Amino acid sequence: MKAVRPSFRANATRQRQIFCSNLTSCRTSSLPRRAYTRPAFAPKPTIDIKHIRQNPGLYEQNCIDRNYAAHSKSSWRIIELHERWLALQQSSRDLRERNNRIRATLARTASRAKDADGKPVALREGLISDAKALKAELSSIEAQESEIQEEIEGLAQDLPNLSSTCTPVGTEADVLGYINESSKSPNRRSHVDIGQELGVLDFSGSAQTSGWGWYFLVGDGAMLEQALVQYALGVARRKGWKAVAPPSLVYSHIASACGFQPRDQNGEQQIYAIEQSEKDKAKPQLALAGTAEIPLAGMKANQTLEEAELPLKAVGVSRCYRAEAGARGADTKGLYRVHEFTKVEMFAWTTPDNMGEDHFTTPTAPSSESFFDEMLSIQKEILEALGLHCRILEMPTADLGASATRKIDIEAFFPSREKDEGWGEVTSSSMCTDYQSRRLQTRMRVKGGKLEFPYTLNGTALAVPRVLAAILENHWNEQDSTVTIPEVLRPFMGGQEKIQAERR
């Protein structure tokens, strides 16, 4: 029986409100194909497919809101496939019942298996022939069932997380507040010009070694990077976040489970896939991590955590690799959009907000939101101490990645870009509910032995290139051609107060 589509926008809004009411503080042939094969040891995703079948309009509207139009009909396709699967299940039951009756008849006629001449009884021959035909038909149905299940699971895995009611629908973000007052600096020089004048940035050398979108940090520029990392780590560790040094290479199936695809829904390359040698072709595909979020999330894949262990809070320092550095232009010039950079990333596992209940109902003991607020407070503390004028944004549905239900960005003011409003993202925080834990098979054991899926959250403590660029532009002194080093960074630079051009 085909499902009938009523009008869903009102229902989708209502269900989204039920799903995220704790945040009041605030595959069809046209779909992209995976470029890797999931190995046998990969975590087996456990998606709530029943909820998708029960709320197809909610998922359809959510895909449209989040710019996942190619996946907007996937929930309806899942219903169609499920109905086919139920029909095949009924057929297989009927065939097994017929097969059982034949086996019983054969057992009863076993004593009369042959006639007087020693030849098989014709009736028995017919029954054996029927049994063989039934077995072949059952094998065919089971193969179809397996294919349908695989397609359902693939479609469900590729759907983005449901959006929070705090998330504005559309493309416009909500401004939640500001950090530091605007300095009203007369400087309009780009960090590219400042960095090259001071000798701390080298783009011409990197153009020769690696191409556009890469860079060298030199002298005080390299030291400033290390100071930023150490300062951000210190702030996070004082708040109870455990330092982790994650690997840069990850399996492609781990990146995908975290919501990062080698190619996104628009066919644009997001991450670098590692070319396999001929002898390694059969091995799982590897990719360079676009953020420490991926290896940190994967660290607990296929594991069961105890409720007493949570929350787990990790802060990782890593090199990050992004293939989509963007088209060349003023907003991507210099350090703002690059292919490789250092980042300090926070990642947390928390108890689910609706433990023991349907995970889309009103929560009884919120927990993940408090850690989301904690990440935001760490970001604010760091940027405030660095003397940067910033604004805090509740990001809209069109800007959310696949895993996030809610995302808050902080943008710093870049004086050289004032004619284009001057704002540029420097940190981001995301609540991912159980999107990643379900796809990575990360579970938690609660009282009574029941297994739940923990919630995951991630947030930038500090992305070095953009913050370094903002420091160069905002703390540039035109009169003596120096950059004032923020006071909190000076202990990590031997007490140095200013960056100036080296005398030749």
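The values are calculated or read from the model by the stated rules, or taken from the named source; none is laboratory data. Since the structure is predicted, the reported quantities are computational estimates derived from the model, not experimental observations. Neighbour counts are summed over all protein chains in view; Cβ atoms, including those assigned to glycine, are modelled from backbone coordinates with ideal geometry. In case anyone asks, the SASA skips ligands and DNA or RNA and just uses the protein heavy atoms, side chains included. Shrake-Rupley method; radii C 1.70, N 1.55, O 1.52, S 1.80 Å.
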Within region 55-70, residues open to solvent by 50 Å² or more (accessible area, probe 1.4 Å) and either outside any helix (DSSP H, G or I) or within 14 Å of Ile152 (Cα to Cα) (or both) come out as Asn67
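At pLDDT below 95, crowded, with 17+ Cβ neighbours inside 10 Å and either on the phi > 0 side of the Ramachandran plot or out of contact with any Ser or Thr (no Cβ under 6 Å at 6 or more places or on another chain) (or both): is that true of Gln276 in this structure? I'd like the intermediate steps shown before the answer.
Working: at pLDDT below 95: yes; crowded, with 17+ Cβ neighbours inside 10 Å: no; either on the phi > 0 side of the Ramachandran plot or out of contact with any Ser or Thr (no Cβ under 6 Å at 6 or more places or on another chain) (or both): yes.
No: the conditions fail for Gln276.
Any idea which of Val344, Val315, Val338 is assigned to a loop (DSSP other than H, G, I, E, B) and either at pLDDT 90 or above or within 30 Å of Phe414 (Cβ to Cβ) (or both)?
It is Val338.
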Is it the case that some residue within region 199-210 is open to solvent by 60 Å² or more (accessible area, probe 1.4 Å) and under 30 Å from His71 (Cβ atoms)?
no
Filter result (closer than 24 Å to Tyr59 by Cβ, outside any helix (DSSP H, G or I) and either among the small types (Gly, Ala, Ser) or at pLDDT below 95 (or both)) within region 71-117
Ser72
Does region 139-151 contain any residue that is in a helix (DSSP H, G or I), modelled with pLDDT of 90 or more and under 23 Å from Thr433 (Cβ atoms)?
no
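Per-residue answers, yes or no, for (1) at negative phi; (2) among the small types (Gly, Ala, Ser); (3) open to solvent by less than 10 Å² (accessible area, probe 1.4 Å):
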| site | (1), (2), (3) |
| --- | --- |
| Ser139 | yes, yes, no |
| Glu147 | yes, no, no |
| Glu150 | yes, no, no |
| Ser163 | yes, yes, yes |
| Leu176 | yes, no, no |
| Asn180 | no, no, no |
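Go through Asp331, Asp358, Asp373 for me and flag whichever is modelled with pLDDT of 95 or more, open to solvent by 10 Å² or more (accessible area, probe 1.4 Å) and acidic (Asp, Glu). Show your work before the answer.
Values: Asp331 fails: modelled with pLDDT of 95 or more; Asp358 fails: modelled with pLDDT of 95 or more.
After applying the criteria, what remains is Asp373.
Return yes or no: is Asp480 over 30 Å from Pro39 (Cβ atoms) and of a type in the set (Asp, Glu)?
Spelling it out, Asp480 is indeed over 30 Å from Pro39 (Cβ atoms) and of a type in the set (Asp, Glu).
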Does Gly495 qualify as being surrounded by fewer than 24 Cβ atoms within 10 Å (Cβ to Cβ), modelled with pLDDT of 95 or more and small (Gly, Ala, Ser)?
yes
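Taking into account only those residues within region 213-233 that are of a type in the set (Phe, Trp, Tyr) and farther than 18 Å from Leu386 by Cβ, which is surrounded by the most Cβ atoms within 10 Å (Cβ to Cβ)? Break it down into steps so the answer makes sense when it comes.
Step one: list which residues in region 213-233 are of a type in the set (Phe, Trp, Tyr), which gives 214-216, 231.
Add one more test, that the residue is farther than 18 Å from Leu386 by Cβ, and what stays is 214-216.
Values: Trp214: 16, Tyr215: 23, Phe216: 15.
Going through the qualifying residues, I end up with Tyr215.
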Look at region 158-189 and say how many of its residues are assigned to a helix (DSSP H, G or I) and modelled with pLDDT of 95 or more.
0
Candidates Thr442, Thr484, filtered to the one that is buried (at least 19 other Cβ atoms within 10 Å of the Cβ) and hydroxyl-bearing (Ser, Thr, Tyr):
Thr442
Taking region 405-434 only, how many residues are farther than 23 Å from Ile378 by Cα and open to solvent by 10 Å² or more (accessible area, probe 1.4 Å)?
7
